[in-house]
There are 2 protein chains.
Amino acid sequence: MVAEGSRALKRGEVEALVREVLTARLRGEQPPPSRERHAAAPRTPGGPPNPLVVNVSARHMHVTPEHLQILFGTGAKLTKMKDLYQEGEFASEQLVTLVGPRQRIIPNVRILGPTRNYTQVELSYTDGVYLGIDLPLRISGNHDGTPGCTILGPKGAVNLSKGVIRAERHVHMSNDDMTYYGVRDGDQLKLRIDGPCGLLFERVRVRFHPKVVLEVHIDTDEGNACDLESATHMELMK
Amino acid sequence: MVAEGSRALKRGEVEALVREVLTARLRGEQPPPSRERHAAAPRTPGGPPNPLVVNVSARHMHVTPEHLQILFGTGAKLTKMKDLYQEGEFASEQLVTLVGPRQRIIPNVRILGPTRNYTQVELSYTDGVYLGIDLPLRISGNHDGTPGCTILGPKGAVNLSKGVIRAERHVHMSNDDMTYYGVRDGDQLKLRIDGPCGLLFERVRVRFHPKVVLEVHIDTDEGNACDLESATHMELMK
């Protein structure tokens with residue numbers, strides 16, 4: 001049996017609690033949108049050219065300079081909160097609020113910099129269900145037939161007509177990485193996560209760029225499904 | 001480029017929106033806590049004795065008769081909203097609100113019936129992060145060292161001292177099922193989900209009961225990670 005307490009709960013108390021919670025959420029600081037795991041694989045002759053890093057991409061947004069100015073005012077620039085693993089990429093200090101078709105909101109969604117030539121919102125399926133958006137599974141920048149949403153900033157709102165996606169799980173690779181794993185841009189690999197919630201992700205898409213460092217991106221649902229933080233071993237394989 | 005709209009957003013408008021959203025959430029109907037998938041495996045001689053059914057268990061609570069009366073008033077009984085897949089189990093009409101240590105709430109958490117001899121709250125890791133609860137991974141009823149939370153009902157509050165868990169992914173099996181798959185109570189199997197977000201769940205715990213029908217339970221994070229609704233094939237294996 002569990003210890004317990006009991007008392008009648010008044011409507012006013014519930015309302016006060018709700019107000020407090022919401023205020024805290026709307027004011028609240030959000031952590032940067034990634035949790036990082038490095039495989040404990042020492043670099044050995046014949047071994048992988050780069051350590052395996054798996055990051056959870058929490059919900060975030062990429063933004064055009066034009067949308068940034070609508071949301072944050074004329075002349076607004078993204079300011080860096082924290083560097084991300086890929087050189088030049090950063091979590092900005094700028095946060096927006098998303099509004100979906102069910103009139104539900106997700107506050108404190110962080111913008112990742114630098115600005116891009118498209119605006120894109122990357123959410124987990126959990127977020128999609130909550131907002132009422134049937135998220136398509138896409139690689140960044142492929143927005144044909146994708147839904148939009150309303151984005152609120154401190155200076156204005158953007159009614160985005162498309163660009164809201166679940167990002168397809170993927171691995172950033174340079175030429176060295178692709179050679180080592182024997183794959184080409186667009187191929188798929190498997191990612192094994194051992195641990196109490198161990199699983200094997202299939203269909204991890206290879207994304208080539210000459211200047212990236214090896215990094216797998218999964219989303220929050222995927223990171224939570226395998227409890228990435230408790231992983232005892234990770235392996236990327238064909 | 002995306003189409004867009006822009007206008008200044010007044011503080012009063014945001015507050016009104018937030019109020020509306022919260023009211024809707026607190027009033028809102030929640031769907032029953034499962035999404036069901038049957039493998040399209042016709043029963044053939046030598047084949048499995050039961051079709052493979054995979055269900056997503058959304059967040060829910062089991063409750064003792066004593067806690068039910070504190071939350072819903074003296075003499076309160078669970079009333080059935082919907083039968084679940086296992087005979088005798090049902091989603092009740094009774095909903096509670098959970099309050100975690102970060103003063104955040106999750107409203108509309110459904111109680112599953114019938115009542116049990118322990119109170120237990122089953123959440124996804126996403127829920128745990130939101131509430132600020134570091135969820136232990138447990139099989140139902142194993143509450144040693146688990147955290148608690150505050151539970152609000154229309155008639156009172158329970159300060160649960162333990163029993164908040166992430167349920168370990170598991171498969172309910174009768175003797176026939178265990179014989180077919182060649183496993184015993186407590187063994188682990190693998191569950192393969194094919195589809196756009198395909199993956200292989202390891203460590204699916206076998207849970208024996210003489211009167212159950214074959215059913216895998218995964219949680220919302222796991223269901224969303226593999227996008228169970230878009231699954232094209234499912235397989236349970238050693």
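The values are calculated or read from the model by the stated rules, or taken from the named source; none is laboratory data. As the structure is a prediction and not an experimental result, all values here were calculated from the model. Cβ sites come from the backbone with ideal geometry, for glycine too, and all protein chains shown count toward neighbours. Each accessible area value is taken on the protein alone, full model and side chains, heavy atoms only, with ligands, DNA and RNA left out. Shrake-Rupley method; radii C 1.70, N 1.55, O 1.52, S 1.80 Å.
Listed values for the stretch B:141-147 are Karplus-derived 3J(HN,Hα) couplings in whole Hz (6.51 cos²θ - 1.76 cosθ + 1.60, θ = phi - 60°), namely x, 8, 10, 4, x, 8, x, and x replaces Gly and Pro.
In straight-distance terms, cross-link reach from A:K211 covers every one of the aspartates and glutamates whose alpha-carbon lies under 20 Å from its own, apart from those fewer than eight places away in the same chain; here that gives A:E36, A:D83, A:E87, A:E89, A:D176, A:D177, A:D185, A:D187. Once B binds A, the 1.4 Å probe can no longer reach about 5000 Å² of accessible area, counting both sides. At a Cα cut-off below 21 Å, give the lysines reachable from A:K190, other chains included and same-chain residues fewer than 8 away excluded. Result set, ordered by chain and number: A:K238, B:K190, B:K238.
A 1.4 Å probe over all protein chains sorts B:D83, B:D221 by accessible area into B:D83, B:D221, starting with the largest.
Among the trypsin sites (Lys or Arg not before Pro) within the stretch A:132-210, those in coil by DSSP and having at most 14 neighbouring Cβ atoms inside 10 Å are A:R184.
Taking 7 Å steps out from each Cα toward its Cβ at B:E93 and A:E235 produces label points 5.4 nm apart. Evaluating kT/(6 pi eta Rh) at 37 °C and 0.692 mPa s, with the Kirkwood radius of the stretch A:118-160 over Cα pairs in the Stokes-Einstein relation, gives 286 µm² s⁻¹. What the Cβ-Cβ distance of B:K82 and B:H209 gives, at R0 = 22 Å and to the nearest 0.05, is a FRET efficiency of 0.55. B:G186 sits among other residues whose Cβ lies under 9 Å from its own Cβ, and their net charge, with Lys and Arg +1 and Asp and Glu -1, is +1.
Taking amide H positions as modeled 1.01 Å from N, with prolines and chain starts lacking one, the residues under 5 Å from A:D187 and 5 or more places away or on another chain are A:V206. Other residues whose C-beta falls under 14 angstrom from the C-beta of B:D127 contribute a net charge of -3, scoring Lys and Arg +1 and Asp and Glu -1. Sites listed here are GluC sites (Glu not before Pro) in the stretch B:72-179 whose DSSP assignment is loop and whose Cβ has at most 16 other Cβ atoms within 10 Å: B:E87, B:E89. Here the 3J(HN,Hα) profile of the stretch A:174-187, calculated from phi with Karplus coefficients 6.51, -1.76 and 1.60 at θ = phi - 60°, is 8, 4, 4, 5, 5, 4, 4, 8, x, 10, 10, 3, x, 5 Hz, Gly and Pro shown as x. In order along the stretch B:101-110, the phi-based Karplus estimate (6.51 cos²θ - 1.76 cosθ + 1.60, θ = phi - 60°) of 3J(HN,Hα) comes to x, 8, 6, 9, 10, 10, x, 6, 8, 7 Hz; Gly and Pro are listed as x. Seen from all directions on average, the stretch A:144-184 presents a Cα convex hull projection of 5.0 nm². The C-alpha radius of gyration of the stretch A:76-225, expressed as a fraction of 2.2 N^0.38 Å, stands at 1.12.
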